[in-house]
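The values are calculated or read from the model by the stated rules, or taken from the named source; none is laboratory data. On a predicted model such as this, the values are computed, not experimentally measured, just so you know. Using ideal geometry, Cβ is built from the backbone for each residue, glycine included, and neighbour counts are taken over all protein chains shown.
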Amino acid sequence: MIPRASLHAAADRFGTPLYVYDAAEMDAALARVRGAFGDARAFYAMKANPNLTLLSRLRVAGVGFECVSAGEIARAEHVGAWGDDLIVNGPAKSREEYAAGGRLGATFVVDREEEVGLLPPGSRALVRVNPALEVSTHDHLATGAAGSKFGVTLAQATGVLRALREGGHHALGLHVHIGSAIRDAGDFGAAFARLADLRAHTGEVEVLDVGGGWGLDADLPGIARAARAAADVFGARLWVEPGRYLVARAGTLLTRVVGTKRTGRNFLLVDAGMTELLRPMLYGAEHPVTALWNGERAEVWDVAGPACESGDLLARDVTLPAPTPGDLLAVGDAGAYGAAMSGTYLTRSRPAEALWEGGEWRPIRRRERPEDVWAAEVGAAKF
Ligand SMILES: Cc1ncc(COP(=O)(O)O)c(C=O)c1O
């Protein structure tokens, strides 16, 4: 845990809004994953947080990467990952992504049968299967429901494996990822069991990749047992793709109080909002909010950001001591899909990021400047 005085020191040194990460918590999360999943190969789903320093740390720890865009593949290459350490996934891959994945010898996750003819010759590939299950998460985060755009149906999977072999590719096995921030661990067991039922048609396969999606309080040993049981049915090695689990707890968004407003509801106005942390607005996600100031007269507040959008709220109905402008607020569990989803709407500069490691702060991303935001715009007259 990062000491409170150090959080204040970081906000003073780097400014706010600021993302900070606790390296020890990241290491502990990886150790929990390895403790539960044993020798399963872990590929970090870098969409959760693609900061190059965090990727480098994971690379040194022997973790591979799951990438879903040319930009993510370039990040993986930048930190030295290639070949067996790379998975290229996505429902609508571009020519550039096939080429980059092929050049680096990545394993492709095939999301539809047409892709068999688009893969670079002799590719290693997994077939993503949609188990057609309702799961316990926000609709936008569910990827394994019938009618979702991801994967092939259970009925199509065997044919796609066959088409891969006939197309001269190395059909490694099957892939399933049912969604993100799944609350009920039983959903995973149900999905893996549906895949295991395919064994009668597919025969043995080399790899079963069970994706990620684990909630932060998930029963990892339970999920791992279900995954291992399904892999054993296929005689397969187990692969996992955790994103959120590896980085969410380690990250905190620090934001300063700008002021207050009482207009029927109590608004605590802060200098971060939807442009820095979109999850509350996008998925109704709830993040723990902690006042880093002391005070009495606790009141209930809605924490609102500076954007001209009514939905620009970081939290609702949180009890906090009486605030003063300049006070520092910590928004927790923000290491995943926080900085990664931050945007430049309103020409807001994306925040700085800093890593707390060995009792010291290390800047790992500088705050953008307005000119960084418009750097790619061309053709405007200069006055
Ligand atoms: C294919 C795939 N694997 C892994 C993940 C990581 O999910 P999470 O961050 O919830 O662990 C995602 C995220 O959506 C994904 O799409």
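Among the residues making up region 235-257, those that are within 30 Å of MET1 (Cα to Cα) and away from the ligand (no atom under 16 Å from the Cβ) are THR252, LEU253, LEU254, THR255, ARG256, VAL257. Suppose we keep only residues that are among the aliphatic types (A, V, I, L, M) and farther than 28 Å from GLU368 by Cβ within region 313-324. Which one would you say is surrounded by the most Cβ atoms within 10 Å (Cβ to Cβ)? Looking at the filtered set, the residue picked out is LEU320. Of all residue pairs spaced 6 or more apart or on separate chains, those with beta-carbon atoms under 7 Å, a first member in region 196-216 that is closer than 15 Å to VAL109 by Cα and free of Cβ contacts under 8 Å to residues at least 40 places away in the same chain and a second member that is away from the ligand (no atom under 16 Å from the Cβ) and in a loop (DSSP other than H, G, I, E, B) are GLU206/ALA236; LEU208/ALA236. Note on region 60-98: residues that are surrounded by 19 or more Cβ atoms within 10 Å (Cβ to Cβ) and among the basic types (Lys, Arg) amount to 1. Would you please name the residue that is farthest from the ligand (Cβ to nearest atom), looking only at residues in region 147-175 that are part of a loop (DSSP other than H, G, I, E, B) and touching a Leu at 6+ places or on another chain (Cβ under 8 Å)? Filtering first and then ranking leaves GLY167. Residue count for region 213-239 satisfying the condition of being surrounded by 24 or more Cβ atoms within 10 Å (Cβ to Cβ) and touching a helix residue (DSSP H, G or I) at 6+ places or on another chain (Cβ under 7 Å): 4.
Where strands (runs of 3 or more DSSP E) fall entirely within region 83-135, those with at least 1 residues that are under 23 Å from ASP197 (Cα atoms) are at 107-110, 124-130. Checking each residue in region 198-217 for being of a type outside the set (S, T, N, Q), at pLDDT 95 or above and more than 14 Å from the chain's Cα centre (by Cα) picks out LEU198, ARG199, ALA200, HIS201, GLY203, GLU204, VAL205, GLU206, VAL207, LEU208, ASP209, VAL210. Of the listed requirements (1) free of Cβ contacts under 8 Å to residues at least 40 places away in the same chain; (2) not assigned by TED's automatic domain parsing to the domain that holds ASP219, GLY83 misses just one: (2).
Just checking, does region 104-123 include any residue being without any contact (Cβ under 8 Å) to a residue 12 or more places away in the chain and either in the same structural domain as PHE150 (by TED's automatic domain parsing) or within 28 Å of LEU154 (Cβ to Cβ) (or both)? Yes. Scan region 124-134 for residues that are of a type in the set (A, V, I, L, M) and in contact (Cβ under 8 Å) with a residue 60 or more places away in the chain and the total you get is 4.
Tell me, yes or no, whether region 125-138 has at least one residue that is closer than 16 Å to GLU66 by Cα and either touching a helix residue (DSSP H, G or I) at 6+ places or on another chain (Cβ under 6 Å) or surrounded by fewer than 17 Cβ atoms within 10 Å (Cβ to Cβ) (or both). The answer is yes; a qualifying residue exists.
Just wondering, is there one or more residues in region 262-270 that are within 27 Å of PRO3 (Cα to Cα), outside any strand (DSSP E or B) and among the small types (Gly, Ala, Ser)? Scanning region 262-270, I find no residue that is within 27 Å of PRO3 (Cα to Cα), outside any strand (DSSP E or B) and among the small types (Gly, Ala, Ser), so the answer is no.
Scanning region 258-276 for residues that are surrounded by fewer than 23 Cβ atoms within 10 Å (Cβ to Cβ) and either within 16 Å of the ligand (Cβ to nearest atom) or not aromatic (Phe, Trp, Tyr) (or both) gives VAL258, GLY259, THR260, LYS261, ARG262, THR263, GLY264, ARG265, ASN266, LEU269, ASP271. Considering only residues of region 281-312 that are within 13 Å of THR255 (Cα to Cα) and aliphatic (A, V, I, L, M), which is surrounded by the fewest Cβ atoms within 10 Å (Cβ to Cβ)? So the residue we want is LEU292. Within region 21-59, restricting attention to residues that are among the polar types (S, T, N, Q) and surrounded by 20 or more Cβ atoms within 10 Å (Cβ to Cβ), the residue that is nearest to the ligand (Cβ to nearest atom) is ASN49.
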